[in-house]
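Everything below concerns the one structure shown next.
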């Protein structure tokens, strides 16, 4: 593998992206300060203690008490938005109008109207927008993407993905007892950890959906700013290639937890590793013969444990970022992808169209759940 010196020589530029970071909870978990082509110009948080944490983590000296104040700093050329979910679209538009490139935490938006507004702003300004979707860069997802590109699946006809995150109630209130943005959050308005498992591997778009929600008599579901009556939502999507995807976003129940996907092809299938260190598995069609319980000989699929590659150890990343990181090794990849896309003036993998292709289906899925599972069409936001 390349050394830092070899990487720098082959990279072709010593330019450093001058980045501002807004929001301390999620914002402290990335490696921007380790990247050889980035400097942390400023940080912002309305809370002084949180702001000090950002300054300490990133070794930065310039802190602001608001995003607005940081956007007025001409030295900041790009912003990482790690702000509350309901503010992502608003803050994205503010950054773009201020002439800043944007890396935003997920999801991109809360409404279809916001989706359209964001695309219009990105197209009009010509600035880079990227969504920091961790599922694009999980080590298993990188493997699945490579399998797909190599044709190993054959015809990939079905993908299912789960985001099980029970126990979130601990994050529903601030220390002073006021509600956080997570209080009553709609499951399918936070779909991207699942939808990215398809969009980020095959590039398909989700075009139709039927969704079922489940809730109980909790007072949280009776009184929340989202008017959301569901703890869990489960959706079946149709893709623009006529394939199927199942998505389960669940906030409550006896669940194993985590984010995982399974890919089903007519030649090979791939199951992500699960909880309790269950290894990933590859299934190949009809590799052996066996006798069933009735004594009949039949062809049988073969099962093998997949030895997951640590892609963060490879030349996919600068040497300084070749270490494990948050959300199954994804944070260093998000760090590099955004910095590299801005410096090289190229489209990031999770650009505005991919971000909305992951976000909008969940918005429509929730509307389906509110209508008892009615099948609804999902609008396309891709360029005509």
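Taking each pair of different alpha-carbon atoms in segment 1-138 once, compute 1/r for the pair, average those values, and report the inverse of that mean as the Kirkwood hydrodynamic radius in Å to one decimal.
On the way: mean 1/r = 0.0640 Å⁻¹.
For segment 1-138, the Kirkwood estimate is 15.6 Å.
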Quick one: grab the alpha carbon gyration tensor of segment 39-105, order the square roots of its eigenvalues as a ≥ b ≥ c, and give me rounded if a/c is under 1.5, else prolate or oblate depending on whether a/b is larger than b/c. oblate
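Mind sorting 381, 80 by how few other Cβ atoms lie within 10 Å of their own Cβ, fewest first?
381, 80
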Run the numbers on segment 209-267 and let me know its relative contact order in percent, using alpha-carbon pairs under 8 Å that are six or more apart. 27 percent
On a C-alpha basis, how far is the centre of segment 127-179 from the centre of segment 353-384 in Å? Whole number, if you could? 17 Å
What percent of all Cα-Cα pairs in segment 90-221 falls into each 5 Å bin, going from 0 up to the bin containing the maximum distance? 2, 8, 14, 16, 16, 17, 14, 8, 3, 1, 0
Who wins for biggest fluctuation among 287, 41, 328 in a Gaussian network model of the chain, springs between alpha carbons below 10 Å? 287
Considering only C-alpha atoms, what is the centroid distance from segment 247-269 to segment 1-62, in Å? 33 Å
Considering Cα pairs under 8 angstrom that are at least six residues apart, work out the relative contact order of the chain and quote it in whole percent. 20 percent
If you consider only alpha-carbon coordinates, what radius of gyration and Dmax does segment 239-384 have, in Å? 20.4, 64
Using only the Cα atoms of the chain, build the gyration tensor, take square roots of its eigenvalues as a ≥ b ≥ c, and label the shape rounded, prolate or oblate: rounded if a/c is under 1.5, else prolate if a/b is larger than b/c, else oblate. oblate
Using only Cα atoms and rounding to the nearest 10 degrees, what angle (0 to 90) does helix 48-58 make with the longest principal axis of the chain? 80 degrees
Candidates 301, 228, 310, ranked by Gaussian network fluctuation over the chain, Cα under 10 Å, top entry: 301
How far is it, in nm, from the label point at residue 305 to the one at residue 168 when both lie 7 Å from their Cα along the line to the Cβ? 3.3 nm
Across 258, 29, 12, the residue with the highest GNM fluctuation in the chain (Cα network, 10 Å cutoff) is 12
Measuring from the longest principal axis of the C-alpha atoms of the chain, the long axis of helix 139-150 (C-alpha) lies at a number of degrees, nearest 10, equal to 60 degrees
Could you let me know the centre-to-centre spacing of segment 324-352 and segment 202-221, using Cα atoms, in angstrom? 28 Å
For the chain, what is the mean residue ellipticity at 222 nm derived from helices alone (per DSSP H run of n ≥ 4: -39500 (n - 2.57); sum divided by total residues; nearest 500 deg cm²/dmol)? -8500 deg cm²/dmol
Listing 137, 312 by rising number of other beta-carbon atoms within 10 angstrom, fewest first, gives 312, 137
In degrees, nearest 10, the alpha-carbon axis of helix 88-97 is tilted away from the dominant principal axis of the alpha carbons of the chain by 50 degrees
Counting alpha carbon pairs within less than 8 Å and at least 6 residues apart, what relative contact order, in whole percent, applies to segment 216-356? 9 percent
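Values quoted throughout were computed directly from the atomic coordinates according to the rules given, and no laboratory measurement underlies them. Please read all numbers here as calculations on a predicted model, not as lab measurements. Neighbour counts are summed over all protein chains in view; Cβ atoms, including those assigned to glycine, are modelled from backbone coordinates with ideal geometry.
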